[in-house]
Amino acid sequence: MAKTNSGSLSLDGFTFQESWEEKKKRAEKIVEILMKTHPREKLLIGDPYRTLIHCIISQRMRDEVTYKVWEKLFEKYGDIETIARTPIEEMQTFLKENGVGLWKTKGEWIVKASQIILKEYGGKVPDDIHELMKLPGIGRKCANIVLAYGFGRQAIPVDTHVNRISKRLGLAPPRVQPERVEDYLRELIPREKWIYVNHAMVDHGKTICRPIKPRCDECPLRELCPYSKGLVTDGDIKGSSKK
Ligand code: SF4
């Protein structure tokens, strides 16, 4: 079948041949299986501000440590007003004492982002990706996490698991940047299912499609996965990313 592209997204760079329509059908099946194998019991719609602070702390941190520090931070400081009033040095010391890496930068981000939300957004976290990305410490991944997990909006945060699994599954070319992976997923997956993608792929990435030695023999996506057929390799994915 002839290769076709979708909009600005190209099928060039993939290591195997498949039309856009075939890719789309495969993507839908993949998400359906992931939703069944990693169900989201209830949509985890939380507090956008707490989700945002969690995301700042979590950068380059293990989940368990992040969660403990995040809980402790809100136990100690309580709310956005208190956090915004906290001297940056004090927040930095709190993070440092609780084993947070990049404590200096993150302490500043937490206090300054809180001050900006209070001053410029009336104390409410903005529900717009571009506004969110203006806040210190909030890149595209965190902004999408706040939208998906804080507000319950359809968004696809691309973290390390989503990036790796999407490329192994051939839903994005192996060498593109995470922002580009998001573009491919948004195009291939029906919008009403976006909110499940991060959650399901993170679970899948921790249990089955692990960074090293993925357990393809046990994977329910095996039949739909070019990696399991040797058509995509980790060697294809590693190396310099390009746009
Ligand atoms: S078949 Fe292997 S590479 Fe493909 S999604 Fe499953 S575990 Fe990952």
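In this calculation the C-beta distance from Lys36 to Glu108 is compared with R0 = 51 Å, giving a FRET efficiency of 0.75.
Can you figure out the FRET efficiency of Lys72 with His130, using R₀ = 30 Å and their beta-carbon distance, to the nearest 0.05? For Lys72 and His130, the calculated efficiency is 0.40.
Each other residue within a Cβ distance under 15 Å of Gly101 adds +1 if Lys or Arg and -1 if Asp or Glu, for a net charge of +2. Extension gain, Arg62-Arg210: 0.36 nm per intervening residue step, less the Cα-Cα distance, totals 51.8 nm. Identify, among Leu221, Pro173, His161, the residue whose Cα sits farthest towards the positive end of the charge dipole of the range 146-243, taking +1 on the Cβ of Lys and Arg and -1 on the Cβ of Asp and Glu, with the dipole about the Cα centre. The residue sitting most towards the positive pole is Pro173. Shown is the FRET efficiency for Thr93 and Thr4, computed with R0 = 51 Å from the Cβ-Cβ distance and rounded to the nearest 0.05: 0.35. Mean projected area of the Cα convex hull of the range 48-150, taken over all directions, amounts to 5.5 nm². For Arg186 and Asp234, the difference between the fully extended length at 0.36 nm per residue and the C-alpha to C-alpha distance is 15.0 nm. Under the shape rule built on the C-alpha gyration tensor, where the axes satisfy a ≥ b ≥ c, the chain is prolate, since a/c reaches at least 1.5 and a/b is greater than b/c. Applying a 4.7 Å Cβ-Cβ cutoff to the chain, the cysteines left without a disulfide-compatible partner are Cys209, Cys216, Cys219, Cys225.
Remark: the chain carries a charge dipole of roughly 580 debye about the Cα centre, counting +1 on each Lys and Arg Cβ and -1 on each Asp and Glu Cβ.
Values in this text are rule-based calculations from the coordinates and carry no lab data. All values reported here derive from a predicted model rather than from experimental measurement. Neighbour counts are summed over all protein chains in view; Cβ atoms, including those assigned to glycine, are modelled from backbone coordinates with ideal geometry.
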